[in-house]
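Worksheet: one structure, shown below.
The values are calculated or read from the model by the stated rules, or taken from the named source; none is laboratory data. Everything numeric in this text was worked out from a predicted model, so none of it was measured. Quick reminder, even Gly has a Cβ in these numbers, built from the backbone with ideal geometry, and neighbours come from all protein chains shown.
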Ligand code: ADP
Ligand code: 5GP
């Protein structure tokens, strides 16, 4: 059976990664989202088992101890995020391609693990000022959380050159089109190998 390819999305928070990923998932049934585990509480309309598996810090630690995570990071202080091995298995078993929304460190780690089977896409905001504006307009994070995310953004931007493709999300429609184009090229190329 087709083992499925891996498409990794990373970006500073607020760059528009979820918006782009959701637009693609809506359009295409050959792609499926890898639902991560996190120790942060749900935000806005988020539902357990849809955006994330929301776990307590103890439950998260237990999954690490049991070796259930492919990778995990403390992306923000005391807030853990990780990819479940069972998600990758669940999706590839169906012959679908796995879409990851992970932080820049997790993204470059998954890329290293799967190399030729993975395409790593970095979504770049037009500027840090625009990133700040988007986080404020999104209205899901407290001023303290926004500050924490913006402070991390400059560090995250330094990871861009570890990715296969960098897409600047200025005009959203253009960014979605460009993302779909690079994914199609990647899937076509790896199918021929
Ligand atoms: P991320 O998943 O990277 O944290 P989101 O997808 O939640 O980011 O986007 C952050 C906010 O910016 C959302 O309110 C979203 O609607 C908005 N947004 C996304 N792309 C653009 C764009 N190209 N121009 C303006 N606003 C955008
Ligand atoms: P948010 O709290 O905005 O949903 O996500 C915060 C950050 O955690 C984002 O950069 C997101 O990509 C990252 N993230 C989500 N799931 C995972 C995961 O499974 N592993 C890693 N390493 N990062 C993740």
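A few notes on this one:
- Enumeration of residues in region 126-147 that are farther than 30 Å from residue 184 by Cβ and outside any helix (DSSP H, G or I): 139, 140, 141, 142
- Test result for residue 106, near ligand 2 (Cβ under 7 Å from one of its atoms) and either touching a strand residue (DSSP E or B) at 6+ places or on another chain (Cβ under 6 Å) or at pLDDT 95 or above (or both): yes
- Matching residues in region 153-164 - criterion: being within 16 Å of residue 7 (Cα to Cα), within 15 Å of ligand 1 (Cβ to nearest atom) and assigned to a loop (DSSP other than H, G, I, E, B): 163
- Annotation note: of 123, 183, 167, 150, the sole residue that is in a strand (DSSP E or B), away from ligand 2 (no atom under 12 Å from the Cβ) and farther than 30 Å from residue 67 by Cβ is 167.
- Filter result for residue 60 (free of Cβ contacts under 8 Å to residues at least 40 places away in the same chain and either in a strand (DSSP E or B) or buried (at least 20 other Cβ atoms within 10 Å of the Cβ) (or both)): yes
- Any hit, region 114-126, residues being out of contact with any strand residue (DSSP E or B) (no Cβ under 9 Å at 6 or more places or on another chain), surrounded by fewer than 19 Cβ atoms within 10 Å (Cβ to Cβ) and either closer than 21 Å to residue 23 by Cα or at pLDDT 95 or above (or both): no
- Of all the numbered requirements in (1) farther than 23 Å from residue 30 by Cβ; (2) outside any helix (DSSP H, G or I); (3) touching a helix residue (DSSP H, G or I) at 6+ places or on another chain (Cβ under 6 Å), residue 108 misses one, and that requirement is (2).
- Subset of region 1-24 that is over 13 Å from the mean Cα position of the chain (by Cα) and within 20 Å of residue 89 (Cβ to Cβ) - its residue that is farthest from ligand 1 (Cβ to nearest atom): 1
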